[in-house]
Each structure stands twice: as C-alpha cells, then as structure tokens.
Amino acid sequence: MPDPFRHYEGVPVLDLPADPPAPGTPAADGPTFLSQLLFYSAAISATKRVPSTGFRYALRVNPSSGNLHPTEFHFLSRGLKGWPDGLYHYRPSSHMAEQRAIGDLTVLDGGAPLVFILTSIAWREAWKYRDRAYRYCLHDIGHAWQALALAAQAMGCNTVATGDFPDDEIAQRCRFHADEWPMMIVEISGDSVPLRQPETRETVWYGGQPNQLSVEITAYPLIDAIHAATKLCVNHESAPVPTASAAFRLPHPGASSRTFGEIARARRSALDFVGGTLSISFAQLMAILGTTRDLFSFVQLYLYVHRVDGLDPGVYRFWHARSELENIQRGDQRVAAAGLSLGQELAGNACVAFSMIGDLERAAREYGDRGYRYVHFEAGAIGHRLYLAAEAFGLGATGIGAFYDEEVHRYLHLTPEQGQVVYHFAIGYPVRDPRLQA
Ligand SMILES: Cc1cc2nc3c(=O)[nH]c(=O)nc-3n(C[C@H](O)[C@H](O)[C@H](O)COP(=O)(O)O)c2cc1C
C-alpha cells in the first residue's frame with residue numbers, strides 16, 4: 001500500500017488552529033477560516049484500530065474507496081486576513097498547510113479569494129483496484145467536491161466548481177508532481193470570508209520535494225490512456241459545464257437536532273447493515289433523495305427497495321424533477337442487489353440499495369471525452385449527499401464502487417442508449433464497527 005499521505009517536504013508549514021469553531025460561527029481571520037473549512041471537509045475525523053495487530057489508521061471527513069484517498073487538496077489564497085497569499089497543499093496528517101509558493105500567483109484567472117485545486121493520485125487506488133481505479137478516483141473527486149462545497153455553504157460562502165481547464169497547463173503552473181493530476185477547481189467566495197487589503201508581492205516558489213509514495217510503481221496503461229483521452233488542452237473550445245447550485249439542505253430540519261458540522265464529522269461508511277425487519281419510512285427515503293435533486297445532469301437513480309414502509313419491495317426509478325418513484329420490477333431484491341454489488345452482503349442487508357446509471361453517450365456528445373469524468377463526478381457528488389442525509393436521520397450509508405457492470409445492465413434491462421452503471425450505493429441501519437474510535 002502506498003503512503004496514504006502526500007507531503008511536499010522542505011517548505012514552510014503553517015498551523016491551522018486546532019478545534020476550529022462550528023461552521024455557523026463566523027471566522028475572525030484567515031487561519032481560522034481555513035481551519036474550519038478543512039476540518040469540516042477533508043480532515044481526519046476518526047481512527048480505526050485493528051484488534052489483532054493494534055494497527056491504527058485514519059478516517060477522514062470525505063469518504064474514499066478502500067480508504068485509500070487518491071484526492072489531494074491544494075489551494076490558492078489571495079487577500080485572506082492574517083494569511084500570506086500563495087499556493088498551499090493541505091497536510092491532513094497534522095491539519096497544517098504546506099506553503100509551496102507565496103505572492104501573487106497567476107495560476108488561475110478569476111477573483112475568488114480562495115481557489116481549491118483537487119488532484120488525483122491514481123496509483124493510490126490502482127495498486128489495489130487496477131484498471132478500475134480511474135473510476136474510483138473520479139468518484140472520490142465528486143465526494144471531495146461536495147465535502148468542500150457543503151462545508152463552505154455551511155460557513156455562508158458560495159462555491160463554483162469546474163472541470164473545464166487545460167490539465168497540463170494547470171499542473172505545470174502549480175508545479176504538481178507528475179503523479180498528481182488536476183481534476184477539479186472549486187472557487188470559494190462570499191461575505192463571510194475574512195479579507196484584508198490585497199497586497200502585491202512577487203511570487204517566491206518553495207515548491208517542495210514530494211514524498212515517494214511507494215518504492216515501486218506498476219504501470220497501468222489503460223488508466224494513462226483514459227486520462228490522456230479525457231484531457232483538455234490550452235486552446236480547447238469550452239462548453240458550459242454543469243455545476244450544481246449547491247443549494248443543499250439537510251432533510252427535515254426537525255428530524256435531527258444535529259448540525260451540519262456534527263453530521264459531516266460523524267459520517268462513516270457502514271461495513272454492513274442490520275438486515276431483518278428494521279425499515280425506514282417513505283418520508284425519510286424521499287427526504288434523503290430530495291437532497292440530491294439539484295445535482296442531476298447525466299445520472300439516473302435506480303433503487304432496490306428492500307425495507308421502506310409503504311413501498312413494496314422491488315426496483316424503482318427515481319424521477320428527480322418530479323420527485324417520483326416509478327416501479328419497474330416487483331419482488332424481493334435482496335439477493336439481486338448483493339449479487340450485482342460483487343456479492344457484497346451490505347447491498348442486500350440495507351433498507352435500500354442503488355444503481356446510478358450514467359448517460360455517458362450524451363455526456364460525450366456534450367463535452368467530448370471529458371464528459372466521462374463529469375458523469376463520475378456527478379455520481380460521487382450524489383453519493384455524498386446521500387451519505388450526509390442518511391447520517392442526519394441516524395442511518396448509515398456506504399458508497400459501493402464494486403459491481404458487475406454487464407449484469408446490472410441485463411438485470412435492469414438497460415439498452416446502451418439508456419446509459420451504463422457508474423456507481424452503487426446503500427442506505428440502512430449500520431452494524432456497529434468495534435474497530436472505530438472517535
Ligand atoms: C467511490 C467509493 C467506492 C466505495 N466502494 C465500496 C465498496 O465497494 N464496498 C464497501 O464496503 N465500501 C466501499 N466504499 C466505502 C469506503 O470503504 C469507505 O469510504 C472508506 O473505508 C473510508 O471510510 P469512511 O467512509 O467511514 O470514512 C466506497 C467508498 C467510495 C467513496
């Protein structure tokens with residue numbers, strides 16, 4: 001397993017104040033603001049201890065396939081009060097920022113005081129998931145985007161996300177190590193960002209020496225090829241990219257006394273769900289689905305309903321615009337849902353499991369090969385909303401990247417024009433994980 005943490009060594013490292021206030025409390029200065037934002041979107045939020053070996057490992061606010069965390073958070077700051085302008089890399093292992101450059105960086109145009117660049121290190125996933133790892137990297141970016149955007153929103157900020165930029169140009173300007181690929185840019189602005197008078201200072205680069213993640217790296221030519229095929233170059237013609245309004249509201253303010261901050265940090269993936277007779281209500285299901293509605297561009301949700309009060313077991317399609325469920329197959333789906341999810345029992349023990357069907361053809365017509373990334377970002381983003389909404393109701397959830405693609409298409413009678421399965425998900429009552437330590 002490669003080192004789970006990327007560091008740029010040999011650069012100044014800036015502390016982010018410990019125990020930042022909850023997102024609803026305005027931050028008085030830049031360091032507190034950054035600490036708050038990252039504490040509720042990307043920081044370590046729990047550990048697990050393996051009883052047989054005593055080995056401990058970290059879990060973060062944003063979920064990640066296999067807990068391998070291919071996503072790195074970089075940010076450019078301009079005019080934050082009490083914080084030098086520059087380019088930084090977030091160091092989650094110690095909740096600090098590595099200062100890679102200071103001064104006026106012309107890495108990106110636009111006036112936002114804070115701009116995140118999310119990168120993927122595909123090797124982190126590929127050593128385990130091989131060629132399929134590229135998809136997981138894209139899902140993880142979708143999750144990280146929402147983790148960041150929703151924390152920013154809870155802090156009273158606006159975010160604009162885009163995947164439309166020239167890859168190599170951005171990588172070069174930010175001097176990313178060759179194993180880090182820029183995937184998404186998220187601008188953060190708003191009245192609650194504590195600002196000072198802008199200053200002009202010449203750029204000084206510290207750069208930093210990226211740590212070596214593994215002694216040896218295995219090449220995955222298919223991953224390199226799909227990444228290259230989905231790149232944009234400097235003079236590309238840009239099409240307006242789907243960006244969600246990020247108008248996220250937790251379901252039923254009355255249903256949970258927990259705040260966004262508590263929910264974001266308590267979110268965990270269920271290892272398995274309690275099967276049997278425990279069910280969720282129809283209202284809960286619709287409220288959970290309702291939190292995803294502004295995200296849909298290319299993805300359709302199919303539900304394997306096992307135990308939802310007032311809904312017969314069966315397969316349903318969610319029509320997000322009308323907030324309606326259409327029954328398309330009747331009968332017990334537990335064996336099918338688990339079987340399609342690579343035999344993972346949790347998809348059968350959940351109250352409801354999901355197949356996210358992405359219209360990759362349409363995405364490619366609208367955005368060229370780049371559209372492949374956008375569909376997976378969207379699926380990850382929908383998954384992230386489902387995680388938080390389930391958590392708000394005291395339920396558990398798990399993203400499921402492992403499934404049998406062709407079997408899902410056959411089972412749902414999908415024609416190629418209707419799309420392809422891009423992500424699975426499950427929601428239910430989580431079994432307790434004895435390894436978990438808050
Ligand atoms: C894209 C993605 C795919 C995942 N696939 C699976 C899966 O197939 N099976 C599973 O049990 N968990 C899966 N997970 C859950 C991760 O294992 C989990 O997020 C990780 O262990 C970190 O734990 P946390 O979510 O509690 O922070 C997936 C998560 C993501 C984001």
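Hey, could you check segment 391-431 for residues that are among the charged types (D, E, K, R) and at pLDDT 95 or above and say which is nearest to Ala379 (Cα to Cα)?
Filtering first and then ranking leaves Asp405.
Is it fair to say Ser93 is surrounded by fewer than 19 Cβ atoms within 10 Å (Cβ to Cβ) and within 16 Å of the ligand (Cβ to nearest atom)?
Here the answer is yes, as Ser93 does meet what is asked.
Please tell me if Leu342 is aliphatic (A, V, I, L, M), more than 13 Å from the ligand (Cβ to nearest atom), outside any helix (DSSP H, G or I) and out of contact with any Asp or Glu (no Cβ under 6 Å at 6 or more places or on another chain).
No; evaluated as a whole, the condition is false for this residue.
Buried (at least 20 other Cβ atoms within 10 Å of the Cβ) and either under 12 Å from the mean Cα position of the chain (by Cα) or in a helix (DSSP H, G or I) (or both): does that describe Arg132?
Here the answer is no, as Arg132 does not meet what is asked.
Here are some residues: Gly66, Gly86, Gly82, Gly54. Which one is closer than 21 Å to Cys137 by Cα and among the small types (Gly, Ala, Ser)?
Going through Gly66, Gly86, Gly82, Gly54 in turn, just one is closer than 21 Å to Cys137 by Cα and among the small types (Gly, Ala, Ser): Gly66.
Could you figure out which of (1) assigned to a helix (DSSP H, G or I); (2) charged (D, E, K, R); (3) away from the ligand (no atom under 14 Å from the Cβ) isn't true of Arg322?
Failing condition for Arg322: (1).
For residues in segment 119-129 being over 21 Å from Leu342 (Cβ atoms) and crowded, with 24+ Cβ neighbours inside 10 Å, which is farthest from the ligand (Cβ to nearest atom)?
It comes out as Thr119.
Right, Phe282: within 24 Å of Leu412 (Cβ to Cβ), among the aromatic types (Phe, Trp, Tyr) and in contact with an Asp or Glu (Cβ under 7 Å, 6 or more places away or on another chain) or not?
The answer is yes for Phe282.
Scan segment 213-234 for residues that are without any contact (Cβ under 8 Å) to a residue 24 or more places away in the chain and in a loop (DSSP other than H, G, I, E, B) and jot them down.
Within segment 213-234, Val215, Glu216, Ala219 meet the criteria.
Going by the conditions given, is Ile141 of a type in the set (Val, Ile, Thr) and either within 12 Å of His69 (Cα to Cα) or part of a helix (DSSP H, G or I) (or both)?
yes
Within segment 197-206, can you find the residues that are at pLDDT below 95 and loosely packed, with under 14 Cβ neighbours inside 10 Å?
Listed by number, the residues that qualify are Gln197, Pro198, Glu199, Thr200, Arg201, Glu202.
Per-residue answers, yes or no, for (1) touching a strand residue (DSSP E or B) at 6+ places or on another chain (Cβ under 7 Å); (2) of a type outside the set (Ser, Thr, Tyr); (3) without any contact (Cβ under 8 Å) to a residue 60 or more places away in the chain; (4) buried (at least 23 other Cβ atoms within 10 Å of the Cβ):
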{"position": "Tyr304", "(1), (2), (3), (4)": "yes, no, yes, yes"}
{"position": "Pro313", "(1), (2), (3), (4)": "yes, yes, yes, no"}
{"position": "Ser323", "(1), (2), (3), (4)": "no, no, yes, no"}
{"position": "Asp332", "(1), (2), (3), (4)": "no, yes, yes, no"}
{"position": "Val335", "(1), (2), (3), (4)": "no, yes, yes, no"}
{"position": "Gly339", "(1), (2), (3), (4)": "no, yes, no, no"}
{"position": "Gly348", "(1), (2), (3), (4)": "no, yes, no, yes"}
{"position": "Cys351", "(1), (2), (3), (4)": "yes, yes, no, yes"}
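Determine, yes or no, whether Tyr316 is of a type in the set (Ser, Thr, Tyr), assigned to a strand (DSSP E or B) and away from the ligand (no atom under 16 Å from the Cβ).
Taking the combined requirement at face value, the residue satisfies it.
If I go through segment 27-59 residue by residue, how many of them are away from the ligand (no atom under 16 Å from the Cβ) and at pLDDT 95 or above?
Narrowing segment 27-59 to residues away from the ligand (no atom under 16 Å from the Cβ): 27-37, 51-54.
Checking the rest, the ones that are also at pLDDT 95 or above come to 27-37.
Result for segment 27-59: 11.
Among the candidates Asp164, Asp140, single out the residue that is surrounded by fewer than 24 Cβ atoms within 10 Å (Cβ to Cβ), touching a residue at least 40 places away in the same chain (Cβ under 8 Å) and under 18 Å from the mean Cα position of the chain (by Cα).
On the way: Asp140 fails: surrounded by fewer than 24 Cβ atoms within 10 Å (Cβ to Cβ).
Among Asp164, Asp140, only Asp164 is surrounded by fewer than 24 Cβ atoms within 10 Å (Cβ to Cβ), touching a residue at least 40 places away in the same chain (Cβ under 8 Å) and under 18 Å from the mean Cα position of the chain (by Cα).
Which condition from (1) within 16 Å of the ligand (Cβ to nearest atom); (2) under 25 Å from Phe165 (Cα atoms); (3) not hydroxyl-bearing (Ser, Thr, Tyr) is the one that Val107 breaks?
Exception for Val107: condition (1).
Determine which single condition Gly419 fails, assuming it passes every other condition in (1) closer than 23 Å to Thr47 by Cα; (2) touching a residue at least 12 places away in the same chain (Cβ under 8 Å).
(1)
The values are calculated or read from the model by the stated rules, or taken from the named source; none is laboratory data. Keep in mind the model is a prediction, meaning the values are calculated, not measured. All Cβ positions, glycine included, derive from the backbone under ideal geometry; neighbour counts span all protein chains shown.
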